[in-house]
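Let me begin by presenting the structure, written as structure tokens, before commenting on it.
The values are calculated or read from the model by the stated rules, or taken from the named source; none is laboratory data. A quick note: this is a predicted structure, and the numbers were derived from the prediction, not measured. Please note: Cβ atoms are built from the backbone with ideal geometry, for glycine as well, and neighbour counts cover all protein chains shown. In case anyone asks, the SASA skips ligands and DNA or RNA and just uses the protein heavy atoms, side chains included. Shrake-Rupley method; radii C 1.70, N 1.55, O 1.52, S 1.80 Å.
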Amino acid sequence: MNLNFEFFFNNLPELTITGLAFGAIYALIALGYTMVYGVLQLINFAHSEVFMYGTFAMLWTIMALGAADANGVHLVAILIAALFAAMAMSAVIALGLERIAYRPLIKRNAPRLIALISAIGASFVLAELMGLRDKISGWFGLDDDLSDYVQKAKINNSMAGVLEKPRFEIAGVSISSIDVIVIVSAVAMMVLLDQFVRRSRLGKGIRATAQDPETASLMGVNPTRTIQMTFLIGGLMAGVAAFLYMLKLDATNYQVGFLLGVKAFTAAVLGGIGNLRGALLGGLVLGVAENWGQAILGSEWRDVIAFVLLVLILLVRPTGLLGESLGKARA
Amino acid sequence: MPDLTKQEPAAAAPVAPRGGTVLEVRNVTLKFGGLTALDDVSFEIAEGEILGLIGPNGAGKTTCFNAVTGVYRPTSGDILFEGASIIGLKKHKITQKGIARTFQNIRLFPTMTALENVLVGTDAQHTTGMLSALFRLPRHRREEEQGHARAMELLRFMGIHRKADELAANLSYGDQRRLEIARAMATGPKLICLDEPAAGFNPAEKVELMNLIRKVRDQGYTVLLIEHDMKLVMGVTDRIVVLEFGRKIAEGAPAEIRDNPAVIAAYLGVDEEDAS
Amino acid sequence: MLLEVEGLCVNYGHIEAIRDISFSVPEGTVTTLIGANGAGKTTTLKTISGLRKIRAGSIKFEGKDISAVEPYDRVKLGIGQSPEGRRCFIGMTVRENLEMGAFTRKDRKTAAYRDDLDRVLGLFPRLQERIDQIAGTMSGGEQQMLAMGRALMSRPRLLLLDEPSMGLAPKLIQQIFTIITEINSQGTTVLLVEQNAAQALKRSHDAHILETGEIVRSGKGKDLAVDPAVKAAYLGGDV
Amino acid sequence: MKKLSALPKPAKILIWFLIALFAYALPLLELPILSTPDSDFASVLFTVSIYCLVALGLNIVVGYAGLLDLGYVGFYAIGAYTVAILTSFHGSWPLLLAIPVAVVVAMISGVILGAPTLRVRGDYLAIVTLGFGEIIRLVAVNTEWLGGNKGINNIGRPPNLGDEKTGLFEVPHLFWGDGTVLLDNKDTTKFLIFGYSDAVPYYWMGLTAVVLVLLADILIKNSRVGRAWEATREDEDAAELMGVPTFKFKLLAFSTGAFVGGLAGALFASRQSFINPQSFLLLFSILYLAAVVVGGQGNRWGVLLGAFLVAYLPERFRGFEDFRVLAFGLALVLLATLRPEGLLPPRRTVRAKQLEHELDELEEGAEPDHDGEETARA
Amino acid sequence: MTACGTTDDKEAGGDGACDLKLAFFGPETGDAAGLGKPIIQGAQLAVNQYNDDAECDVELEKKDSQGSPDAAPALATDVVSDDSIIGVVGPAFSGESAAAGPIFAEEGVPTITPSATNPTLADNGWDTFHRALGNDATQGPAAAKYIKDTIKAESVFVIDDASEYGAGLAGIVEKDLGDLVTGTDTIQQKQTDFSATVTKVNDAKPAAVFFGGYYAEATLLIGQLRDGGFDGTFIVADGVKDPAFLDAKAAAEGAIITCPCIPDTDPAVADFATAYEAEFGEAPGTYAAEAYDAANIFLAGIKDGVEDREAMLEFVNGYDEKGVTKQLKFDDKGEPADVHVYAYTVKDGAIVADGEIE
């Protein structure tokens, strides 16, 4: 292992920006984990698949609307449609998960481990359904009609490759415009969500339920609705993350969620699980730390860096950087 | 009834002379953030005594228990057990030194049998580890046998030996309370702290419990009792300490306490005319 | 009758927390349940607000059986509760807590809502002073006021107060009870659960004494205030 | 079970002996319903025995002590790599000497990981252990000294007993024809010759390890240690206040689990003769956990059943290859919903369930109070 | 031999060679199925073509290892216990080869791997081991030579995917290029975001980037490198020679692929490509031609009257014919005796041949 500090210091600004861009995507996915954990105290292991389905919704939309031949206003319109498609798909999957994999268990007050097992199972099912979409569509004789969308589902990355990603320079630092878009929109979404949870009636209901479900129900908050709401918001944010991810990387496959999900959960724990701002901070810190670490140690250590960071933070600050609190808006 | 004083030497043979001080709570203050849960509380328990700790809800009784058993660490002050400070000791160390307790809302090990629950208590004095269990070394056998015998005795003492193989969760409420006391006694304590043992009992059960507490004391244990039911407290204790807002407001024999105006005010509230 | 409880039995597992109790709360009154710890007072309130299931018996609110209504829907019917131990949302500000109280109200943007907020802040001037403070940083007494104010924000027909004086200094207790009387005089029916018998009985129209899950005595508050049975229920001794 | 325990002791011993005999003879019997059509039955049975070991070890951690470990494969990897390094890559130790070292190394790594992390809360422990498992794998991938992705081959094998050509004697397999059962004298297993193509001796080795660990499990569970684990799992604070040094016992459970995991890894490496990081993916940690939970955590017979199912079913039904993971996922969801306590839960859990049900009825559909039990909703 | 086994006697009668089977050993499902599929199809094509003319059909039995060495011993043992299997196309990966190799060697089942390139596999003394393609040690120097002599790149950045194939290859290229290497980085398989690597490449400003790895990562990597502003030459090896690499669209243009496989300008290869596309509706992917060759060696043996493993092993060892990919002849370690490495370029969305690397 050679330590390459010279490269690191020479390229610090660029490394930081690309790290922030990926960290922003972590953060958006982390929101789903953190919201559900805040309210239910369980790890929604299948959230990674919520994200993965979003990437496919985005991909299929731009394929179907012919983004490859579009430009200007037309392209922007297609991208907006793709954003909504990704958010809708992720939201539907998240709500479906809540309904099928969790609600029966929550109703029965099942032990946490069981909920985790159910989530793992649901995660396998969702990923495999996507991975086998060519076979499954084959059963209905649709594989020919849908060949562009389903071909070699388990094998290939599905790529769209329509966007130019112009770069520009500020003070000698070369920056990708996509990275800027990703960071800005992710942070904007987080701020929006933070305000929603802090200020809106439903947001307060979620916080109240997270703090004290029993008392919240005494205020007239319907816990089932609230739980649905958290899954919905987590799903929508995962959809946004999926859209930005596709914008940045252009490719997805049925397994893309797994590692990203683990990382996003790490980010959530890092920031303090249950804490929305913690998710943002955790995501960004993780993204930057990974990038910096890769620069110094070599890219092969990326995941090790993430996990070592997680272990260290938990040992020093067991509740994460900002502490756990979905309810405590200002703690 | 078997003579329990003859059992495990560490269990019952008093080290301090009878009548000596077992526990001394010295100027203990405990704060949670801005809230002062205990404010300069001091009291002593003598060997063989039944001391009642009473006070209205939120007065700091259970907090006091938790400070004594090591759950909370006092902000200031000292707690001496048999003359030595136990501040900062781990919970299990304090138990091994000889303070055992029960819980306000029963905390048995629900999926273990009654016998196993008590065995966990007796294990506090045992030292066999994994290897001696694995090779069934003589010490392991001896300790298992002793522990088993002692546990059965305690169950019999509590009158629940017929339910030794029932899961703790399956026992009736009263039996669960009794089992909790048996488990506490099994750890071989000198001081037993009972946290509202009568909660949820009907009057007949309460009378039975009073007798039981006296019997426990007669076995050589010292008892610290938190209880809301005044009939029971007045009936069974030798001395009572009254807390209100974390402060000790009275101490004395039951009869004195009952007529203490401060205590009555604390319990029944004060009329506005009196207050102003 | 605003609230009628008939033959109510509630269990915690094997424990019969409430054994066949019946009482009613007439509209416009303050009714008090008193009794020692573990007598079943809090359980009764929780059952009325829907947090505990009923083993037997019925609860009628304005003549309708509400046994099957979910707790969050009972709020809409007009049952507000200030729970035992206050249970303020400690991570939220005072204002947010009060807004949570009005969660089910649809008129949160209207003058009626602002009037109610002013009324509550008028009752509890301390809350006005600390309107943007995080609830968790306030003293016990202030949190108690907040819990009561929060319950009032739902405009309840029936206000359930669970041990509002618990753990409070005598001066504050005084204040809290004065406010309870005032709330009642403004037209809200109150069902009060208290340990502080002297104060509570003095201020209530009707009162019931609970002992180990049963009502052992009922009567006018003023009468029970001088009844030796009350002292016995608390301090033991023969009646 | 109940009937079994009522039998006199000699009968019981006889029954257990017969069961064990049957287990040892299984690969020779080649029972048509059990045998795997597309994969070597004895090799599959060896894999099953390794899964059984792993499940027993993980059951100590998860089932007994209640510690959620999502990185158990890390200890398995440490056992396997230690053996590989000592017998092939950086040394030429005999296997029988390397295995004890491997399990001790695994155990020490359990202590090193457990000491700082067992103080953090349950869910965090899950994610920290998950990270640990991945760190172990990635370090193996990226470290030349550990062979990188190329892996390590020619790992030591157990010593042969007797002449390598024949062994002590040869054991014939059965051959099932149409309605006839024959001794197949051409298809034989050389007794205790550890070659490459005959997995039967390895299976016997694995099964022996399972039996030994099972015995140890029974002895430990039924002692002060086992009680301390269970008490800690049920109510950590109460256990502490009853004089149980809970941290010490959690660490003990964790390192005992690591010990067994390391043993499984060491045996696996020896049979495989080749390892690379691919055998230690996070997926395996999840499979192991699934084996424990599916079978019924806390019940050693249940987790054995779970391990059998998780290792055997995919091999038995290789025809469904493409849909294996999908079916597995569906099974997990259904199981969690319909039979959350596992297929073969501990008897006491069954009793507790019944009680819970009764209490539910007493309260008329009320949610029972889970004192001290972890629930999905706090 | 024994009667044990699952031979089905369809088409009873005929001569003994009628019950013979070949096995494919490698991933058919699972994560690595992407690399398994062209291999299976290549071998299947050879078998189908053989069966079209032959009296007795040869069956290709697929042993799905999912690419995992864990499953390899059980499957290998299953293969060796079925006496009708007299040759194995595979194992596909080096890992499973290492795990299954000793078993095949012990029972004398000849194997020809179309894709496992780890050089050490040939050093185990397994006489049954054969390789239908050049190992990393033969292809690496050719790639380095091409970079030095043909591209004349003055600085090269070497990236590998930490897989044994990619890391092995990149290691050799790095060594051969010596001072020309201005930087290295290692990515992980399944990684999707390469921003740190892109920054490193940008910092080093190399004239060329060599990537040792498979097409899944290469496709994403070249896209991100191009987006990051890299405009030098992108050089990859046979693991990327797959139509899926063209998904990178414009970014892939101009990429150089080295491959020890004869270009389809050769009529034999062109026939193969046409037949393959006719059969499976897609262009031949990575290692499809090698698998086709490997299967054909066994099929030639069967045609020649080979009926058991021993004879097959002898036949394979003595084989010397021109195949689709190369002159097929094995040295005593089982390595191909005659390896030619060719260069290919991505031009106008197709992989076109660029001549042999001498």
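Return the Rg/Rh value of the range C:107-239, two decimal places, where both radii are evaluated on C-alpha atoms and Rh is the Kirkwood radius.
Rounded to two decimals, Rg/Rh equals 1.03.
Take the alpha carbon gyration tensor of the range A:5-316, find the square roots of its eigenvalues, order them as a ≥ b ≥ c, and report rounded if a/c is under 1.5; if not, report prolate when a/b exceeds b/c, else oblate.
oblate
Treat every Asp and Glu Cβ in the protein assembly as shown as -1 and every Lys and Arg Cβ as +1, leave all other atoms uncharged, and give the resulting dipole magnitude about the Cα centre to the nearest 20 debye.
Computed charge dipole of the protein assembly as shown: roughly 8080 debye.
With only Lys, Arg, Asp and Glu charged, each at its Cβ (+1 for the first two, -1 for the last two), find how big the charge dipole of the range D:133-242 is about the Cα centre; round to the nearest 20 debye.
400 debye
Taking 7 Å along the Cα-to-C-beta vector as the label spot, tell me the B:Ala253-E:Ala270 distance in nanometres, rounded to one decimal.
Placing both labels 7 Å along Cα→Cβ, they lie 12.1 nm apart.
According to the square roots a ≥ b ≥ c of the eigenvalues of the Cα gyration tensor, what is the shape class of the range E:137-259, taking rounded for a/c under 1.5, prolate for a/b larger than b/c otherwise, and oblate for the remainder?
Since a/c stays below 1.5, the shape of the range E:137-259 is classed as rounded.
For the pair A and D, how large is the buried accessible area, both sides, in square angstrom to the nearest 100, if the probe is 1.4 Å?
For A against D, buried area totals roughly 4600 Å².
Work out the P(r) tail for chain B: percent of alpha carbon pairs separated by more than 26 Å, whole number.
Tail of P(r) above 26 Å: 43 percent of Cα pairs.
I need the peptides E:146-153, B:131-138 ranked by packing, meaning the mean over residues of other C-beta atoms within 10 angstrom, with the highest value on top.
The densest-packed peptide leads the list: E:146-153, B:131-138.
Relative contact order of chain A, please, whole-number percent, based on alpha carbon pairs below 8 angstrom and at least 6 residues apart.
37 percent
What number does chain C give for Rg over Rh if you use C-alpha atoms and the Kirkwood radius?
In chain C, Rg relative to Rh is 0.96.
Buried accessible area between B and C (1.4 Å probe, both chains summed, ligands and nucleic acids excluded), in Å² to the nearest 100?
What B and C bury together is about 2200 Å².
Once Rh is set to the Kirkwood radius over Cα pairs, what Stokes-Einstein translational diffusion coefficient, in µm²/s, holds for the protein assembly as shown at a temperature of 37 °C and a viscosity of 0.692 mPa s?
It comes out at roughly 90 µm²/s.
Under the rule a/c < 1.5 gives rounded, and otherwise a/b versus b/c splits prolate from oblate, where does the range A:50-202 land using the Cα gyration tensor?
oblate
Could you work out, residue by residue across B:200-210, how many beta carbons of other chains sit within 10 Å of that residue's beta carbon, and then give the average as an integer?
2
What is the spin-label model distance, in nm, from A:Phe196 to C:Met1 if the labels are put 7 Å beyond Cα along the C-beta direction?
With each label placed 7 Å out from Cα toward Cβ, I get 4.7 nm.
For E:Lys205, go through the aspartates and glutamates and keep the ones whose alpha-carbon is under 18 Å away, minus same-chain ones fewer than eight residues off.
Partners found: A:Glu6, A:Glu14, A:Glu169, E:Glu154, E:Asp160, E:Glu174, E:Asp179, E:Asp185, E:Asp227, E:Asp231.
At R0 = 60 Å, how high is the FRET efficiency between C:Glu214 and D:Leu313 if r is their beta carbon distance? Nearest 0.05 is fine.
About 0.55, to the nearest 0.05.
For a 21 Å ceiling on Cα separation, which of these pairs sit above it: B:Lys31/B:Lys248; A:Lys135/E:Lys21; B:Lys163/D:Lys9; E:Lys21/E:Lys303; B:Lys90/B:Lys163; E:Lys303/E:Lys329?
A:Lys135/E:Lys21; B:Lys163/D:Lys9; B:Lys90/B:Lys163
Just the projected area, averaged over all directions, of the convex hull on the alpha carbon atoms of the range B:108-188: how many nm²?
Hull-based average projected area comes out at 4.9 nm².
Taking the Cα centre of chain E as origin, sum charge times position over the Cβ atoms of Lys and Arg (+1) and Asp and Glu (-1), and report the length of that vector in debye to the nearest 20.
1400 debye
Find which of A:Ile93, A:Ala279, C:Ile209 sits farthest along the positive direction of the dipole of the protein assembly as shown, computed with +1 on the beta-carbon of Lys and Arg, -1 on that of Asp and Glu, about the Cα centre.
C:Ile209
Return the value, in Å² to the nearest 100, of accessible area buried between chains E and D (probe 1.4 Å, both sides summed).
Summed over both sides, the interface buries about 2700 Å².
Tell me which of E:Thr219, E:Thr265, E:Ser94 sits at the most positive position along the dipole axis of chain E, charges placed on C-beta atoms (Lys, Arg +1; Asp, Glu -1).
Value: E:Thr219.
At B:Lys31 and B:Glu44, where each label point lies 7 Å from the Cα along Cα→Cβ, what is the point-to-point distance in nanometres?
Spacing of the two 7 Å Cα→Cβ label points: 2.9 nm.
Percent of accessible area on the range D:39-144 owned by carbon and sulfur, 1.4 Å probe?
Reported share for carbon and sulfur atoms: 72 percent.
Amide H of E:Phe330: which non-local residues (sequence gap of 5 or more, or other chain) have their own amide H closer than 5 Å, using H built in the peptide plane?
The answer is E:Tyr319, E:Ala337.
Nearest-5 percent of antiparallel DSSP beta bridges in the protein assembly as shown?
50 percent
Residue by residue through the range A:295-300, what is 3J(HN,Hα) from phi via Karplus (6.51 cos²θ - 1.76 cosθ + 1.60, θ = phi - 60°)? Round to whole Hz and write x for glycine and proline.
Per-residue couplings from phi come out as 5, 7, 9, x, 5, 5 Hz.
With unit charges on the beta carbon (Lys/Arg positive, Asp/Glu negative), name the residue among B:Leu171, D:Gly206, A:Ala110 whose Cα is farthest towards the positive pole of the charge dipole of the protein assembly as shown.
B:Leu171
From the cross-link list C:Lys109/C:Lys171; D:Lys150/E:Lys326; C:Lys41/C:Lys64; B:Lys93/B:Lys190; E:Lys145/E:Lys347, which pairs have alpha carbons spaced over 25 Å apart?
Cα-Cα > 25 Å for C:Lys109/C:Lys171; D:Lys150/E:Lys326; rest within.
What FRET efficiency would be calculated for the residue pair D:Asn154, E:Asn317, taking the C-beta separation as r and a Förster radius of 25 Å, to the nearest 0.05?
Efficiency for this residue pair is about 0.60.
Sequence gap at least 6, Cα distance under 8 Å: using those rules, report the relative contact order of chain E to the nearest whole percent.
Normalised by residue count, the contact order of chain E is 18 percent.
To the nearest 500 deg cm²/dmol, what mean residue ellipticity at 222 nm is calculated for the protein assembly as shown from DSSP H runs of n ≥ 4 alone, each contributing -39,500 (n - 2.57), summed and divided by the residues?
-16000 deg cm²/dmol
Rounded to the nearest whole Å², what accessible area per residue is found for the range B:177-233 with the 1.4 Å probe?
Roughly 24 Å² per residue, with all protein chains present.
Quick one: if the Förster radius is 45 Å, what FRET efficiency do D:Leu214 and B:Ala149 give, using the C-beta to C-beta distance and rounding to 0.05?
In this case the efficiency is close to 0.95.
Rg/Rh for the range D:52-208: what does it come to with C-alpha atoms and Rh from Kirkwood?
Reported Rg/Rh, Kirkwood definition of Rh: 1.09.
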